[in-house]
Amino acid sequence: MDKNTSVLQLKGVGEKTGKLFEKLDIRSAGELLSHYPRDYEIYEEPVKIGEALPGKVCAVHGVMRGVAGEKRIRRLHILNVTLADDTGVLQLTFFNMPFLKKVLKPGGYYLFRGLVQGAGTTKRMEQPRLFALEEYRQQMNRLIPRYALTKGLTNHAVQKAVKQALAQYQWEEEYYPAWMLERYSLMPEPQSVETLHFPESREELLLARKRLVFDEFFSFLYLLRQNRQAGEKLENHFPMMETADTVRFLEKLPFPLTGAQKKVWQEIKDDLGGPVCMNRLIQGDVGSGKTILALLALLMTAANGFQGALMAPTEVLAVQHFETVAEYVKKYGLCFQPVLLVGSMTAREKREAYEKIASGEANLIIGTHALIQEKVQYRALGLVVTDEQHRFGVRQRETLAKKGDIPHILVMSATPIPRTLAILLYGDLNLSVVDELPQGRLPIKNCVVDTSYRPKAYQFIEAQVAQGRQVYVICPQVEAGEMEELENVVDYAEKLRSVLPPSVQVAYLHGKMRPADKTSIMEAFAAHSIDVLVSTTVIEVGINVPNATVMMVENAERFGLAQLHQLRGRVGRGQHQSYCIFVSASQEKATMERLQILNHSNDGFHIASEDLKLRGPGELFGLRQSGDFSFRVGDIYADAAVLKDASTAVEELMCRDPELSDPCHIPLKRHLSQQAANAVDFRTI
Ligand code: ADP
Ligand code: MG
């Protein structure tokens, strides 16, 4: 079995399971092995009922008191039983498991594991797992992998398949030369992959994770360096002059630019008119008003007779930008001839767009990254703007340069990156910072609460909707899966429909929906035909609906602070007072402290650095996707040391053997060229 062997070759994986794996983009053994756990569960020592902390997943054992109640609501069967020990009692609720009534004998001794809710004499667990004592003992204190799943596929099935694949796998030759493995203490690949799936200890897991993070950073930095070499000699092929178009646009805008926006606009004008091709990163916190700067630069480009492209990481965001532009064109008579280019367009619509771009009829192309880069022939592409740059992988300047002269490059990001890291990641980019928020914004009011606050939150949402405002509710999961304790979008939307009055329009959005459906939901929300949007973090970047004033995040404890800050950035964009409600299902002290940082600060930079202080690299043993820079696992903040190592390694390699022609570097050369092929691969979220 090697990386290309079909998963259908595994025992126990038939056509049906194969289809489920396919939903997770797993077809081959190689893809299965790189489906790393998203985190690990530890079965701890069971605790006394009195010590079971609400908000925590605990194992408790005790004596069955018997059935406390049983009822049926439509198709839902509800069974309540009581468990007791010498420190207290615990109510257990089971849904649709009537057979348990016969299994659980009064007076018997049982072990349950689940999320503890309530407190004191009303402590309870919903749908806990029942274990035989011996079975539990065997698994105790081990790190048990938890995988991303899809409906119908259990965690156990994935574990079994991975175990089998590992046992039969023929590993390819190690691609790092011996000197690198040693110098940077890298675990060999087979061992690291096995450890990531089935770690013996945390220490070992951290080492395995380090290899993975190093891999990601190393190939990223290597490809970056290759691109940079290809892009040298950056003469300005598209010299531009300021025209009346931008001046008039600024005069007509209902608001003046902030001081910071003015400063950056001047820098952009200097670049576009200067001797060297622009290569600039605009960094500015969420809501600092970066879009208008991009539009000004694009307008100057169009006014000078060139084409400009605006690339967004998601289709939803691309469509939003397109609509903003269309509205501005109508309102202010701008000289844009915009076209949209996104995956959900029909072949015919795309062909029409390509024609307009090739003929030069279109002077502003807005779309998702992949589409704009791959198939399009431009007439005179003078400027490329990338919004939310941190969502992309390696810059594809070279691809664009092949289409003609090298265009000006402007990238925008809300992720605050310390300067030293920015230099590693962006190399030769010039940095502009929009360090000022537009005036007149009311600071967002935050609160961090536990789940008991929900009824109040729903009342509040109802009242805001009654005043004509709109609401986002974020859940970590798409649909009910294995991780019972996490809220999911589909069920949550259903629940909100039943608690809110029927006049309130509730809809949901998640990454697994068809792009066209996502777009139409987002459009409906922007047009205010939807009041409450229940969503996963697909709306995290860029979305601008100024009428939305409430952001409620469920299972806030599951998200990174930087991500929560991005989510919060979706509200507080208009003149109305906005609110952010972080609901934490965990009342652990450390979690609450972490969330309190958000409560007390609206400054992205401050939040990122505080988050790092609290997390520390040692805690990052989950493989949660960080979402930034398209690194699957690596975190540029917490893994800054590994990032530096990887950077040193690239430099050293280029010194020793720039062509990678030494026999000891051949496997690495092969590996990197495969990575380069994948780098174009675009993450749709
Ligand atoms: P981000 O930097 O997060 O991309 P946007 O560009 O989407 O932020 O801007 C957020 C909102 O602020 C938009 O509704 C925009 O029209 C508005 N805005 C931008 N600049 C100003 C300004 N100088 N004064 C007032 N409102 C502004
Ligand atoms: Mg933006």
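At-a-glance table
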| item | result |
| --- | --- |
| Residue match in segment 57-74 (condition: under 30 Å from Arg202 (Cα atoms) and within 29 Å of the chain's Cα centre (by Cα)) | yes |
| Some residue of segment 170-188 being outside any helix (DSSP H, G or I), out of contact with any Phe, Trp or Tyr (no Cβ under 9 Å at 6 or more places or on another chain), free of Cβ contacts under 8 Å to residues at least 24 places away in the same chain and over 27 Å from Gln674 (Cβ atoms) | no |
| Of residues in segment 502-530 being at pLDDT 90 or above and closer than 25 Å to Leu598 by Cβ, the one nearest to ligand 2 (Cβ to nearest atom) | Phe525 |
| Residue match in segment 534-546 (condition: among the acidic types (Asp, Glu) and either away from ligand 2 (no atom under 16 Å from the Cβ) or open to solvent by 40 Å² or more (accessible area, probe 1.4 Å) (or both)) | no |
| Test: residue in segment 57-67 that is open to solvent by 20 Å² or more (accessible area, probe 1.4 Å) and in a helix (DSSP H, G or I) | no |
| Failed item, numbered, when Thr246 is tested on (1) more than 16 Å from ligand 2 (Cβ to nearest atom); (2) in contact with a helix residue (DSSP H, G or I) (Cβ under 7 Å, 6 or more places away or on another chain); (3) farther than 30 Å from Lys669 by Cα; (4) part of a loop (DSSP other than H, G, I, E, B) | (4) |
| Hits in segment 121-146 (condition: in a loop (DSSP other than H, G, I, E, B), over 32 Å from the mean Cα position of the chain (by Cα) and of a type in the set (Lys, Arg)) | Lys123 |
| Met240 vs. criteria open to solvent by less than 20 Å² (accessible area, probe 1.4 Å), out of contact with any Asp or Glu (no Cβ under 9 Å at 6 or more places or on another chain), over 16 Å from Ile366 (Cβ atoms) and away from ligand 2 (no atom under 16 Å from the Cβ) | yes |
| Search result, residues across segment 449-480 that are touching a helix residue (DSSP H, G or I) at 6+ places or on another chain (Cβ under 8 Å) and of a type in the set (Ser, Thr, Tyr) | Tyr458, Tyr472 |
| Tally, over segment 453-473, of residues that are touching a residue at least 40 places away in the same chain (Cβ under 8 Å) and part of a loop (DSSP other than H, G, I, E, B) | 2 |
| Subset of segment 268-293 (residues that are crowded, with 17+ Cβ neighbours inside 10 Å, outside any loop (DSSP other than H, G, I, E, B) and more than 16 Å from ligand 1 (Cβ to nearest atom)) | Lys269, Asp271, Leu272, Asn279 |
| Some residue of segment 450-462 being more than 16 Å from Phe582 (Cα to Cα), away from ligand 1 (no atom under 16 Å from the Cβ) and either within 26 Å of the chain's Cα centre (by Cα) or modelled with pLDDT of 90 or more (or both) | yes |
| Residue match in segment 361-379 (condition: surrounded by 15 or more Cβ atoms within 10 Å (Cβ to Cβ), part of a strand (DSSP E or B), assigned by TED's automatic domain parsing to the domain that holds Ala326 and modelled with pLDDT under 90) | yes |
| Filter pass, Ala161 being part of a helix (DSSP H, G or I) and either free of Cβ contacts under 8 Å to residues at least 40 places away in the same chain or not basic (Lys, Arg) (or both) | yes |
| Of all residues making up segment 68-102, the number that are outside any loop (DSSP other than H, G, I, E, B) and touching a residue at least 24 places away in the same chain (Cβ under 8 Å) | 14 |
| Those residues of segment 244-267 which are open to solvent by less than 40 Å² (accessible area, probe 1.4 Å) and either of a type in the set (Asp, Glu) or more than 10 Å from ligand 1 (Cβ to nearest atom) (or both), in sequence order | Thr246, Phe249, Val264, Trp265 |
| Check on Val541, under 26 Å from Ala318 (Cβ atoms), away from ligand 1 (no atom under 16 Å from the Cβ), out of contact with any Gly (no Cβ under 6 Å at 6 or more places or on another chain) and not polar (S, T, N, Q) | no |
| Segment 412-435 residues that are at positive phi, paired with ones that are open to solvent by 50 Å² or more (accessible area, probe 1.4 Å) and modelled with pLDDT of 70 or more (beta carbon under 9 Å, 6 or more apart) | Gly427/Arg225 |
| Hey, Glu323 of a type outside the set (Val, Ile, Thr), assigned to a helix (DSSP H, G or I), within 16 Å of ligand 2 (Cβ to nearest atom) and farther than 21 Å from Val411 by Cβ or not | yes |
| Flag for Leu400 being closer than 20 Å to Arg225 by Cα, open to solvent by less than 30 Å² (accessible area, probe 1.4 Å), modelled with pLDDT of 90 or more and hydrophobic (A, V, I, L, M, F, W, C) | no |
| Flag if His197 is closer than 30 Å to Leu299 by Cβ, outside the structural domain of Ile409 (by TED's automatic domain parsing) and either touching a residue at least 40 places away in the same chain (Cβ under 8 Å) or crowded, with 20+ Cβ neighbours inside 10 Å (or both) | no |
| Residue among Arg395, Arg391 that is modelled with pLDDT under 75, open to solvent by 20 Å² or more (accessible area, probe 1.4 Å), within 16 Å of ligand 1 (Cβ to nearest atom) and not β-branched (Val, Ile, Thr) | Arg391 |
| Failed criterion for Leu111 (all others in (1) open to solvent by 60 Å² or more (accessible area, probe 1.4 Å); (2) outside any loop (DSSP other than H, G, I, E, B) hold) | (1) |
| Breaking point among (1) surrounded by fewer than 19 Cβ atoms within 10 Å (Cβ to Cβ); (2) in a helix (DSSP H, G or I); (3) modelled with pLDDT of 90 or more, for Leu212 | (1) |
| Residues of segment 483-517 that turn out to be part of a helix (DSSP H, G or I) and open to solvent by 20 Å² or more (accessible area, probe 1.4 Å), as a count | 10 |
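The values are calculated or read from the model by the stated rules, or taken from the named source; none is laboratory data. The model shown is predicted, which means the values in this text are computed figures rather than measured ones. Glycine also receives a Cβ, built like all others from the backbone with ideal geometry; neighbour counts cover every protein chain displayed. Heads up: the accessible areas ignore ligands, DNA and RNA and are worked out on the full protein's heavy atoms, side chains in. Shrake-Rupley method; radii C 1.70, N 1.55, O 1.52, S 1.80 Å.
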